[in-house]
Amino acid sequence: MIVQILAVPYDSAHRGVRMGAGPERLLAAGLVRHLEDRGHQIHCTVIEAPAESWRAEIQTGFQLMHAVAGAVREAREQGRFPLVLSGNCSTAVGTLAGLGTRDTGVLWFDAHGDFNTPETTIGGFLDGMALATVTGRCWTELARGVPGFRPVAERRVALLGARDIDPIEAGALARSEVSLLPPATVAADLPRCLETLTHRTEQVYLHVDLDVLDPEAARANAYAAPGGLTLEQLELAVTTAGRAVAIAAATISAYDPALDPDGRTCAAAFRVAAALLAAAEGAQAPGHLRR
Ligand SMILES: [Mn+2]
């Protein structure tokens, strides 16, 4: 398939450090070649924050979402599948904006809920609010400024593999219509979850925060929490998703190479990327069963 990689090498407005180093590390390690070897045609663009602007986590974060939205829209117009490699999860707002959220659901793989708001966060990290922003719970004015963004209805969102959720955040998730599948239930419950989703949406955005993986299998970043998915479980879940629903775009985020001295997480990211593209391609095939 023809793929547009969009690398967003930022973490909390800082370029190329911590998880912001992840996208370019994956590229330097040969991700493009790895995907070309699997039959894909790969184009690659690096998204930058405006050169002249002051760096501030919230402002810069939304500037990046803005740029991602435009690049995703352009990729789709050119018939390319957008694959975002991002330091932070919050670029999802831009990716969804570029897709058009009216008929798009969300499959969000993450160790965390990313469902805090400025009122509930205890960490103060914008990324812990990424899914809440996607669903319109917070940062509503800034999100409205991202071209094409509309909040995604929570009934069209599934949070998969999450197990490290703040107390108030957990209450908000429980009261929401977001489907929460903890790691132990992903394999058994994903098919039914997808079945429900296909009645509610035409296509999905597939988001993989690499910290959904168990740190024993592949440590993604400093926030990684025990009890996550194995690489094989994640690959299978992605494949299962592709069989059930059209995947319109995907993200691989939150890889901090500094915590991956032996390259195990890098190798895992390669496999996830290959599984993602195969799943997205399968879903595009004519005659494929989907609603
Ligand atoms: Mn995340």
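Entry remark, region 198-218: residues being away from the ligand (no atom under 16 Å from the Cβ) and either within 23 Å of Asn116 (Cα to Cα) or part of a strand (DSSP E or B) (or both) number 2 in total.
Matching residues to (1) away from the ligand (no atom under 16 Å from the Cβ); (2) outside any helix (DSSP H, G or I); (3) touching a strand residue (DSSP E or B) at 6+ places or on another chain (Cβ under 7 Å); (4) open to solvent by 10 Å² or more (accessible area, probe 1.4 Å):
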site	(1), (2), (3), (4)
Pro191	yes, no, no, yes
Leu236	yes, no, no, yes
Thr251	no, yes, yes, no
Cys266	yes, no, no, yes
Ala269	no, no, yes, no
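Restricting attention to region 2-26, the residues that are free of Cβ contacts under 8 Å to residues at least 60 places away in the same chain, touching a helix residue (DSSP H, G or I) at 6+ places or on another chain (Cβ under 7 Å) and farther than 13 Å from Glu57 by Cβ add up to 1. Residues that are out of contact with any Pro (no Cβ under 6 Å at 6 or more places or on another chain), of a type outside the set (S, T, N, Q), touching a residue at least 60 places away in the same chain (Cβ under 8 Å) and within 11 Å of the ligand (Cβ to nearest atom) do occur in region 127-146.
Criterion applied to Arg137, Arg80 was being open to solvent by 10 Å² or more (accessible area, probe 1.4 Å) and within 17 Å of Ile247 (Cβ to Cβ), and the one residue passing it is Arg80.
Against the numbered list (1) small (Gly, Ala, Ser); (2) free of Cβ contacts under 8 Å to residues at least 24 places away in the same chain; (3) assigned to a loop (DSSP other than H, G, I, E, B); (4) more than 16 Å from the ligand (Cβ to nearest atom), Gly171 comes up short only at (3).
What number of residues in region 149-168 are part of a loop (DSSP other than H, G, I, E, B) and at pLDDT below 95?
The initial filter retains those residues of region 149-168 that are part of a loop (DSSP other than H, G, I, E, B), namely 149-153, 161-163, 165-166.
From the residues that got through so far, the ones that are at pLDDT below 95 too are 166.
Residues that pass the stated criteria total 1.
If you go through region 79-106 and keep only what is within 13 Å of the ligand (Cβ to nearest atom) and more than 18 Å from Ala279 (Cβ to Cβ), you end up with Ser86, Gly87, Asn88, Cys89, Ser90, Thr91, Val93. When each of Gly171, Gly123, Gly145 is tested for being surrounded by fewer than 17 Cβ atoms within 10 Å (Cβ to Cβ), at pLDDT below 95 and more than 28 Å from His40 (Cβ to Cβ), the lone residue that passes is Gly123.
Between Thr135, Thr120, Thr198, which is farther than 30 Å from Asp260 by Cα and within 16 Å of the chain's Cα centre (by Cα)? Give the derivation first.
Values: Thr120 fails: within 16 Å of the chain's Cα centre (by Cα); Thr198 fails: within 16 Å of the chain's Cα centre (by Cα).
So the residue among Thr135, Thr120, Thr198 that is farther than 30 Å from Asp260 by Cα and within 16 Å of the chain's Cα centre (by Cα) is Thr135.
Selection over region 220-234 of residues that are within 16 Å of the ligand (Cβ to nearest atom) and surrounded by 16 or more Cβ atoms within 10 Å (Cβ to Cβ) gives a count of 8.
Every residue, every condition in (1) touching a Cys at 6+ places or on another chain (Cβ under 9 Å); (2) away from the ligand (no atom under 15 Å from the Cβ); (3) within 21 Å of Gly148 (Cβ to Cβ); (4) at pLDDT below 95, yes or no:
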{"position": "Arg33", "(1), (2), (3), (4)": "no, yes, no, no"}
{"position": "Ile42", "(1), (2), (3), (4)": "no, yes, no, no"}
{"position": "Ala51", "(1), (2), (3), (4)": "no, yes, no, yes"}
{"position": "Arg55", "(1), (2), (3), (4)": "no, yes, no, yes"}
{"position": "Gln63", "(1), (2), (3), (4)": "no, yes, yes, no"}
{"position": "Arg73", "(1), (2), (3), (4)": "no, yes, yes, no"}
{"position": "Gly113", "(1), (2), (3), (4)": "no, no, no, no"}
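The values are calculated or read from the model by the stated rules, or taken from the named source; none is laboratory data. Keep in mind it's a predicted model, so treat the numbers as computed, not measured. Here the Cβ is made from the backbone with ideal geometry for all residues, glycine too, and neighbour counts use every protein chain on show. To get the accessible areas, we keep the full protein, side chains included, count just its heavy atoms, and leave off ligands, DNA and RNA. Shrake-Rupley method; radii C 1.70, N 1.55, O 1.52, S 1.80 Å.
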